[in-house]
1. Among Arg105, Arg138, which is the only one that is modelled with pLDDT under 85 and farther than 30 Å from Phe14 by Cα?
2. Hey, can you tell me all the residues within segment 64-77 that are closer than 17 Å to Met5 by Cβ and surrounded by 19 or more Cβ atoms within 10 Å (Cβ to Cβ)?
Amino acid sequence: ATGLMLGLLKLNNFYNLEGLELSKWACNEAKKNFNLDIQNVDIYDAKYPSEYFDLIISNHVIEHLKDPLQAFIKINQFLKTGGLLFLSTPNGSCLNSRIVKAKWRHFIPEEHLYLFNKKSIKIFLGKIGFKIILLKFRLYSDDSLLNYLKQLTMPILIDYYRRIIKNQGSLNNFITSRDGMIIVAQKIKNIETSH
């Protein structure tokens, strides 16, 4: 919201960074603190050329969107074919959510309009031209995102992490350790918007 993620990427030698932010205040903070190119615009009104970005990060955004389908169709248009989408969102079917139900920390109906699980996010992304190449359950932090992005700049590690994910189920035994999903998806085809 205030540019921390892009600021971390900038400090770690990522370049040509751009962002969208609904809050004018948060947009100004990102510009002031990190000298970032942040537009104060809604994703539905964003204007970028087709196939403009190599990587798009949606960091705990999808659950807040009024129309995630249309928003992610726009993201599909802005991302190059073969480009990567890094998506983090609460895991709506984690053990913790099933145990504590309405007291789960991500159950915030007025803010989290949509909650996804492994199956629903796979179906959703498939419908809009993406193939999941990595899906990991974990507690989320900005440091974990930064580490994944660093690793993704070295394609050989993608295969390595895919194998780890398949063999990792027994490592995530803590109730809350799987309440977030981190997904890396690759754009495999263009989808046209209905707007």
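1. Exactly one residue qualifies, and that residue is Arg105.
2. Ile75
Let's see how each residue does on (1) within 12 Å of Phe116 (Cβ to Cβ); (2) touching a residue at least 60 places away in the same chain (Cβ under 8 Å); (3) under 14 Å from the mean Cα position of the chain (by Cα):
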| site | (1), (2), (3) |
| --- | --- |
| Asn59 | no, yes, yes |
| His64 | no, no, yes |
| Asp67 | no, no, no |
| Ala71 | no, no, yes |
| Ile75 | no, no, yes |
| Phe78 | no, no, no |
| Gly82 | no, yes, no |
| Phe86 | no, yes, yes |
| Pro90 | yes, yes, yes |
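The values are calculated or read from the model by the stated rules, or taken from the named source; none is laboratory data. A quick note: this is a predicted structure, and the numbers were derived from the prediction, not measured. Here the Cβ is made from the backbone with ideal geometry for all residues, glycine too, and neighbour counts use every protein chain on show.
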